[in-house]
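A.B. asks: Dumping the structure here so I can ask a few things about it.
The values are calculated or read from the model by the stated rules, or taken from the named source; none is laboratory data. Since this is a predicted model, take the numbers as computed values, not measurements. When we count neighbours, we look across all protein chains shown, and the Cβ atoms used for this are built from the backbone with ideal geometry, even at glycine. For the accessible areas, the whole protein counts, side chains as well, though only heavy atoms, and no ligand, DNA or RNA atoms are used. Shrake-Rupley method; radii C 1.70, N 1.55, O 1.52, S 1.80 Å.
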Amino acid sequence: MPAGIRRPPYAVEPGSLQSALPPGDFVERMRAAGRAAREVLDEVGAAVAPGVTTDALDRIAHAAYLARGGYPSTLRYRGYPKSVCTSVNEIICHGIPDDRALMAGDIVDVDVTIYLDGVHGDCNATYAVGEVSDDDARLMSVTHESMWRGIAQVRGGAPLNAIGRAIQEHAEAHGFGVVRTFVGHGIGTEFHTPPSVPHFYDPDADQPMVAGSTFTVEPMINAGGWEVGTIWPDGWTAPTRDGSRSAQYEHTLLVTATGVEVLTAWPDEVERWLGSSTSAVS
Ligand code: MF3
Ligand code: CO
Ligand code: CO
């Protein structure tokens, strides 16, 4: 890690999570971190191909964070050993890069988080490795659309659980299971903060979304049941209980009085999925 890279507190002093906001505008920093996270994700996603190991993806990500002056938020976060999560096929999330080569027909989620200028930006996407089955292509596209339907519910004052309601309705209409164990989260100077953002309808999560706050929406959708199986002995890797495949997409959001700014999306995506009714990154 080059000396010029600002590290989060847990990378300096294991166990310490709190970090102070450096001087300057929080929202501007979040915009910059969101954009940088997305640039890294696109760079890694473009490298996904049969024969490429997830370790190779990790190395590409690591260099891409540093090239932007950022730190890989996952590295040494609660003991996590790598710079991205790579979750292949039946792995729901938190897969650790290793020396297994991706094979045609696999699906792999790459989850990128950058710590830049004192704040975190977090996004992920699932990629097809070569040609995938029609079932897997449908799982990916329904998961992606579910995420956007959830994001479309975001607006200052709206109930937080409107997000999960929209996601669950779309995913279950296609016969898929919505993971409950892992949820979206507040994000900013710390990686994970309240609120928890369920991707299913939780009647208790009815607090109003707060304009100016930042959180993620990151649904994990299983082709089969929603249940998580036994975490691998590595302490991280989370498979589906029934062995069915799982897809995920994630964005970091800024709540506004009138809607949402999707800090990790490109303007054409925002236009496509939300139209011009809500403010976009420019
Ligand atoms: N980026 C993941 C998220 O969306 C968190 C990964 S934490 C790790 O919240 F320790 F597993 F890397
Ligand atoms: Co996240
Ligand atoms: Co993430």
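A.B. asks: Write out the GluC sites (Glu not before Pro) in the range 90-179 meeting two conditions: DSSP loop, and at most 12 other Cβ atoms within 10 Å of their Cβ.
C.D. replies: Answer by residue number: GLU131.
A.B. asks: Let me ask something else about it. Probe of 1.4 angstrom, ligands and nucleic acids ignored: what's the accessible area per residue over the range 25-274, in square angstrom?
C.D. replies: Normalised by residue count, the accessible surface of the range 25-274 is 38 Å².
A.B. asks: Let me ask another. Would you kindly give the portion of the calculated P(r) for the range 115-229 that falls above 20 Å, as a percent of all Cα pairs?
C.D. replies: Percent of Cα pairs beyond 20 Å in the range 115-229: 43.
A.B. asks: With a 1.4 Å probe and all protein chains kept in place, how do TYR71, TYR127 rank by accessible area, largest first?
C.D. replies: I get TYR127, TYR71, largest accessible area first.
A.B. asks: Take the alpha-carbon positions of the chain, form their convex hull, and give its projected area averaged over all directions (one quarter of the hull surface) in nm².
C.D. replies: For the chain, averaging the hull's shadow over all directions gives 13.9 nm².
A.B. asks: For the chain, modelled as a Gaussian network with Cα springs under 10 Å, which listed residue fluctuates most, THR258, THR240, THR74?
C.D. replies: So, out of THR258, THR240, THR74, the one fluctuating most is THR258.
A.B. asks: Let me ask something else about it. About the Cα centre, and with charges only on the beta carbon of Lys, Arg (+1) and Asp, Glu (-1), how big is the dipole of the range 64-116? Nearest 20 debye, please.
C.D. replies: That gives a dipole near 340 debye.
A.B. asks: How big is the Rg/Rh ratio for the range 1-114, C-alpha atoms only, Rh by Kirkwood, two decimals?
C.D. replies: Expressed as Rg/Rh, it is 0.99.
A.B. asks: Given a 1.4 Å probe and the protein chains all in place, what does the accessible area of TRP226 round to, in Å² to the nearest 10?
C.D. replies: Its heavy atoms expose roughly 110 Å² to the probe.
A.B. asks: I've got another one for you. Could you compute how much accessible surface VAL12 exposes when probed at 1.4 Å, giving the result in Å² to the nearest 10?
C.D. replies: Number for this one is 100 Å².
A.B. asks: Continuing with this model, one more query. Within 10 Å of each candidate Cβ there may be at most 16 other Cβ atoms; applying that plus a DSSP loop requirement, which GluC sites (Glu not before Pro) in the range 213-279 survive?
C.D. replies: Listed in order of number, the matching sites are GLU227.
A.B. asks: From the protein chains alone at 1.4 Å, what is the descending order of accessible area for PHE182, PHE176, largest first?
C.D. replies: Largest to smallest exposure gives the sequence PHE182, PHE176.
A.B. asks: Run the dipole for the chain about the Cα centre, Lys and Arg Cβ at +1, Asp and Glu Cβ at -1, nothing else charged, and hand back the magnitude in debye, nearest 20.
C.D. replies: Dipole about the Cα centre, nearest 20: 680 debye.
A.B. asks: Okay, next question. With every protein chain left in place and a probe of 1.4 Å, what is the accessible surface of HIS170, to the nearest 10 Å²?
C.D. replies: Near enough 20 Å² of accessible area.
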